[in-house]
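All remarks here apply to the structure that follows.
The values are calculated or read from the model by the stated rules, or taken from the named source; none is laboratory data. Predicted model only: the values in this text are computed from it and were never measured. Counting neighbours? That spans all protein chains shown, and the Cβs are built from the backbone with ideal geometry, glycine included. Note: accessible area is taken over every heavy atom of the protein model, side chains too, but ligands, DNA and RNA are not part of it. Shrake-Rupley method; radii C 1.70, N 1.55, O 1.52, S 1.80 Å.
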Amino acid sequence: MSQTILIVVTSHGEIAPGQATGLWFDEFAEPYDRFRKAGFEVKVASPKGGPVPLDPKSLESSHLGPAAVAAQEALDDTITLDADTNHGAYAAIFFPGGHGTMFDLPDNPHVQRLVAEFMENDKVVAAVCHGPACLVGAMLADGSSAVKGRKVAAFTNSEEKAVQLDTAMPFLLEDKLQELGGEVDTADDWADHVVVDGKLVTGQNPQSSKSVADAIVRLLRETG
């Protein structure tokens, strides 16, 4: 089996005019560093390809030091997510968060296709914080939602209200996943909280990024 992990990040950089958003940097950079240290090759893709918009607030809070440099380089020139992006080339797919994901992941046909293909081929699908927005539009071959009957974690309504963006989002992620039949397992705001349901790995918030990455590595080593 391929020992390459595909990380898919947002290309969406604005909540509203003058209100920047994008990828939450540490949610990408911490797992990226851990995957590489664990010996995995990593490819980074985004809906539009090229440089990735970063949430400015995430750069203020980042504490990664040297690891941030390699992560930033990987984000400067991402590959374009398109019809040629095939699950067969990868052992796992991972979606970091940031509010940008709420705008360009749910309706992206390549995201929808890849989530379904990875699930139906018994491969690891993982996401953290707002990254589980990747599950919103994904449908399995039987016509059911990819999240139906699955236990997941994601950025909670409470956390969204705490950052005062609950009215700025196209939907609340916790509510949407529940509407689609997912069982959203919540912990206290900003707690490191990861849910592993088979080969679906999800984390609640930025604080869960390292634990999500560790769970992905663990699953890949068990099956690889």
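Determine whether Ala70 is closer than 17 Å to Ala127 by Cβ, surrounded by 13 or more Cβ atoms within 10 Å (Cβ to Cβ) and in contact with a helix residue (DSSP H, G or I) (Cβ under 8 Å, 6 or more places away or on another chain). Before the answer, list the steps.
Numbers: closer than 17 Å to Ala127 by Cβ: no; surrounded by 13 or more Cβ atoms within 10 Å (Cβ to Cβ): yes; in contact with a helix residue (DSSP H, G or I) (Cβ under 8 Å, 6 or more places away or on another chain): yes.
Considered against the rule, which asks whether it is closer than 17 Å to Ala127 by Cβ, surrounded by 13 or more Cβ atoms within 10 Å (Cβ to Cβ) and in contact with a helix residue (DSSP H, G or I) (Cβ under 8 Å, 6 or more places away or on another chain), Ala70 comes out as no.
Checking each residue in the range 12-58 for being within 16 Å of Val217 (Cα to Cα) and either open to solvent by 20 Å² or more (accessible area, probe 1.4 Å) or not in a helix (DSSP H, G or I) (or both) picks out Tyr32, Asp33, Arg34, Arg36, Lys37, Ala38, Gly39, Phe40, Glu41, Val42, Lys43.
Reported count of residues in the range 131-148, each being of a type in the set (A, V, I, L, M), closer than 24 Å to Glu14 by Cβ and open to solvent by 10 Å² or more (accessible area, probe 1.4 Å), is 1. Of all residues in the range 84-105, count the ones that are touching a residue at least 40 places away in the same chain (Cβ under 8 Å) and open to solvent by 20 Å² or more (accessible area, probe 1.4 Å). Of the residues in the range 84-105, 5 are touching a residue at least 40 places away in the same chain (Cβ under 8 Å) and open to solvent by 20 Å² or more (accessible area, probe 1.4 Å). The set of residues in the range 59-98 that are in contact with an Asp or Glu (Cβ under 7 Å, 6 or more places away or on another chain) and either modelled with pLDDT of 95 or more or part of a loop (DSSP other than H, G, I, E, B) (or both) comprises Ser62, Leu64, Ala71, His87, Pro96, Gly97, Gly98. Only residues that are part of a strand (DSSP E or B) and hydroxyl-bearing (Ser, Thr, Tyr) were counted across the range 119-148, and they come to 1.
Cβ separations smaller than 6 Å between residues 6+ apart or across chains give the following pairs from the range 11-22 residues that are more than 15 Å from Leu165 (Cα to Cα) to residues that are not in a loop (DSSP other than H, G, I, E, B): Ser11/Ser46; Ser11/Asp104; His12/Phe103; His12/Asp104.
Restricting attention to the range 183-224, the residues that are free of Cβ contacts under 8 Å to residues at least 24 places away in the same chain and either touching a Ser or Thr at 6+ places or on another chain (Cβ under 9 Å) or assigned to a strand (DSSP E or B) (or both) add up to 4.
Criterion first (hydrophobic (A, V, I, L, M, F, W, C), open to solvent by less than 20 Å² (accessible area, probe 1.4 Å) and closer than 23 Å to Ala191 by Cβ) does Val128 satisfy it?
Yes; evaluated as a whole, the condition is true for this residue.
Only residues that are crowded, with 16+ Cβ neighbours inside 10 Å and assigned to a loop (DSSP other than H, G, I, E, B) were counted in the range 149-178, giving 8.
Taking only the range 75-102 into account, find how many residues are polar (S, T, N, Q) and under 17 Å from Phe35 (Cβ atoms). Spell out how you get there, then give the answer.
Of all residues in the range 75-102, those polar (S, T, N, Q) come to 78, 80, 85-86, 101.
Of the ones still in play, those that are also under 17 Å from Phe35 (Cβ atoms) are 78.
Counting residues in the range 75-102 that are polar (S, T, N, Q) and under 17 Å from Phe35 (Cβ atoms) gives 1.
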